[in-house]
1. Using only Cα atoms, what Kirkwood radius does the range 1-51 have, in angstroms?
2. Can you give me the Kirkwood hydrodynamic radius for the chain, using every pair of distinct Cα atoms, in Å to one decimal?
3. Give the relative contact order (percent, whole number) for the chain; include only Cα pairs under 8 Å separated by 6+ residues.
4. Pull up the cross-link candidates among the lysines for Lys123, meaning alpha carbon to alpha carbon under 19 Å and not fewer than 8 places away within one chain.
5. At a threshold of 8 angstrom on Cα-Cα distance, excluding pairs fewer than six apart, so keeping six or more, what relative contact order does the range 5-64 reach in percent?
6. Mind checking which aspartates and glutamates have their C-alpha under 18 Å from Lys33, skipping anything on the same chain fewer than 8 residues away?
7. Rounded to the nearest 0.05, what FRET efficiency do Arg54 and Asp110 have when you use their Cβ-Cβ distance and R0 = 25 Å?
8. Residue separation times 0.36 nm, minus the C-alpha to C-alpha distance between Glu73 and Ser130: what's the value?
Amino acid sequence: MDAALAAGSFYPTRDTRKDGQITATVNPFGKGKVGAVYGPVASTYFRSHHPWLREFIGGLTTTLFPDPAVKVEGPYCLDVSLRTTRDGKLSVHLLNTAGMPLPDRYGFADFIPPLEDIRLTIKTAARPKSVTWVPDGGAIDWSWKGGRLTVTVPKLKIHGVVVID
């Protein structure tokens, strides 16, 4: 049996050269991997949205899923959800979370800047018949090659969906 590998460390001071304690591990298991994080990472991120935590979880996710169903090139404030519509079409929901208030600060966002030129790479078994941008229902630039659909969303205000047929 393979031993778990350290996948992240915590340092009690800003000096990352010493006294690091393992905070995450990745362990091979069967055909996959199991990741474990030791500590309240989700609740800490919920309260702060600290960039270091986002990078830490992103790095761990990349280790666990080296070939994800969707890859995103866009700003950090973009939430992505892969879904299937009622009629079986693959859909990628995009949510602009720029200016999202933190839970302990009673903040309110009165302006959310749009996000531009978001690039998605989506695994698809076959070349799609069509790719549409909802809610507008309009055409969107896309290409397909070798099982990968590449889509560029020119502008996202708050929420939009790439629907693949």
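The numbers here are math on the coordinates, done by the rules we state, and not lab data. This is a predicted model, so every value here is computed, not measured. All Cβ positions, glycine included, derive from the backbone under ideal geometry; neighbour counts span all protein chains shown.
1. When all Cα pairs of the range 1-51 are included, the Kirkwood radius is 12.6 Å.
2. 18.5 Å
3. Normalised by residue count, the contact order of the chain is 17 percent.
4. By straight Cα distance, Lys123 reaches Lys71, Lys89, Lys145.
5. Rounded, it is 26 percent for the range 5-64.
6. Asp2, Asp67
7. 0.55
8. This chain segment gains 18.4 nm when fully extended.
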